[in-house]
Amino acid sequence: MVRIFTLVWMLLCATAVDAQTGRVALIIANSAYVGGAPALPNPVADGRLIAASLKAVGFADVELVANADRLTMERAIRSFAAKAERADVAMVYFAGHGIEHNGENYLIPVDAALANDRDLDIEAVKLSTVTAMVEGARRMRIIILDACRTPPAGLRRSAASRNIGRGLAPVEPSGDSLVVYSAKAGTVAADGSGANSPFATALARRIVEPGREINLLFRQVRDDVLSMTKREQEPFTYGSLSSEQFYFTPPRLAGQPADLETETWLQCREARSPAPCQAYSRDFPKGRFAALARSRVLDLATVQPVIAAPSLPAQPLFSGLGMQLRVVSDGDHIEVMSVARTSLAYGELLPGDRITAVNGRVTSRSVAIGEQLGRIGEGLPTQLSIRRGAANLTIILRQQRGGV
């Protein structure tokens with residue numbers, strides 16, 4: 001009995017230690033520049049978004065430092081170095097101004113007074129310092145820079161200086177390390193027109209997707225940003241990793257269904273209107289993806305709404321069978337707005353799903369929703385064809401004995 005108790009206690013302790021030290025992250029987000037560099041609209045919001053994503057996928061320690069002066073940046077990096085030595089994976093994300101000078105990359109604190117390029121060594125933090133401080137992580141080091149922006153106006157070049165470049169210079173990290181730029185060397189990154197930069201938006205989205213091996217993940221982030229910026233901004237990844245796979249979110253096991261919260265978040269992520277994200281926030285106000293859902297609502301608010309065709313009158317919102325449904329404004333599909341826990345469809349249909357056919361009959365905006373769904377709840381199986389994000393699914397609703 002003593003042996004069994006000791007073994008269980010050791011396993012519990014090992015699990016607790018792993019949860020505390022397995023994956024750690026430091027996020028520095030500088031927007032409110034006061035030392036001469038222009039203020040930036042998005043970095044603090046981007047930092048919060050990335051922090052929420054990392055917490056959602058189980059990073060044990062995520063520290064967010066906003067609008068940091070040089071002393072604050074140095075203290076945060078020094079403190080994080082001690083955490084990295086006890087961790088398997090250490091990640092640093094910096095959003096703000098970054099400058100390349102004579103082949104050296106610098107991260108700019110909010111109070112940096114940069115009258116001359118010679119001031120960089122005194123006023124800024126070298127990227128090489130950051131990479132050195134996270135070398136203690138046992139398995140992997142990840143440094144992500146959404147900092148490839150135009151040098152501050154008025155920064156003078158000294159006579160001995162070769163260059164003050166646009167963007168950042170390429171790097172060659174050693175060991176199992178990756179350095180990711182939001183825009184490839186020598187180019188600059190966009191803040192975008194939404195609440196977050198294109199790069200932060202794409203990265204936060206991909207981090208929480210199950211089964212995205214890290215190399216594939218950053219290739220997909222690259223493609224996302226190219227698409228969002230009309231191919232004007234191309235992220236780039238430097239470094240190489242071993243053959244050991246790494247996932248921010250592990251793959252889902254074969255046959256393992258996603259939990260309802262994750263499914264609801266996926267609908268929010270793929271939505272073209274705020275309704276699915278608002279449904280997530282209502283049902284999971286303290287959920288893993290709550291901050292991401294709020295950010296997604298803000299992004300969708302900047303998208304021009306689709307205007308319904310005036311040739312056909314809009315159908316009223318349908319409430320019945322424990323659901324709220326409506327005909328979408330840009331077609332004939334029926335969109336699921338909400339599903340009550342007492343509904344036959346609870347756990348099968350999710351907010352944001354679009355019903356495209358009922359028992360093989362294509363849905364139509366010219367037929368009342370209640371008439372099209374009439375067989376549901378009559379005791380007979382009902383086959384629904386639905387569109388969930390980019391996927392087309394078939395769901396069979398069956399009346400449960402004793403059910404509603």
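The values are calculated or read from the model by the stated rules, or taken from the named source; none is laboratory data. Nothing here was measured: the structure is a model prediction, and the numbers come from that model. Cβ sites come from the backbone with ideal geometry, for glycine too, and all protein chains shown count toward neighbours.
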### Task
Run down G96, G47 and say which single residue is on the phi > 0 side of the Ramachandran plot and either small (G, A, S) or not assigned by TED's automatic domain parsing to the domain that holds S177 (or both).
G96
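Do you know which residues across the stretch 365-387 are of a type in the set (D, E, K, R) and modelled with pLDDT of 75 or more? Steps first, please.
Pass one, the stretch 365-387, residues of a type in the set (D, E, K, R): 365, 371, 375, 378, 387.
Residues satisfying the conditions are R365, E371, R387.
From A132, A87, which residue is surrounded by 23 or more Cβ atoms within 10 Å (Cβ to Cβ), within 27 Å of the chain's Cα centre (by Cα) and not polar (S, T, N, Q)? If you could, list the steps in order and put the result at the bottom.
Working: A132 fails: surrounded by 23 or more Cβ atoms within 10 Å (Cβ to Cβ).
Going through A132, A87 in turn, the sole match is A87.
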### Query
Can you find a residue in the stretch 178-197 that is in a helix (DSSP H, G or I) and surrounded by 15 or more Cβ atoms within 10 Å (Cβ to Cβ)?
no
### Task
Please go through the stretch 219-243 and pick out each residue that is in contact with an Asp or Glu (Cβ under 8 Å, 6 or more places away or on another chain) and either under 11 Å from V180 (Cα atoms) or part of a loop (DSSP other than H, G, I, E, B) (or both).
R222, Y238, G239, L241, S242
### Message
Looking only at the stretch 141-164, count every residue that is modelled with pLDDT of 95 or more and among the hydrophobic types (A, V, I, L, M, F, W, C) and tell me the total.
### Response
4
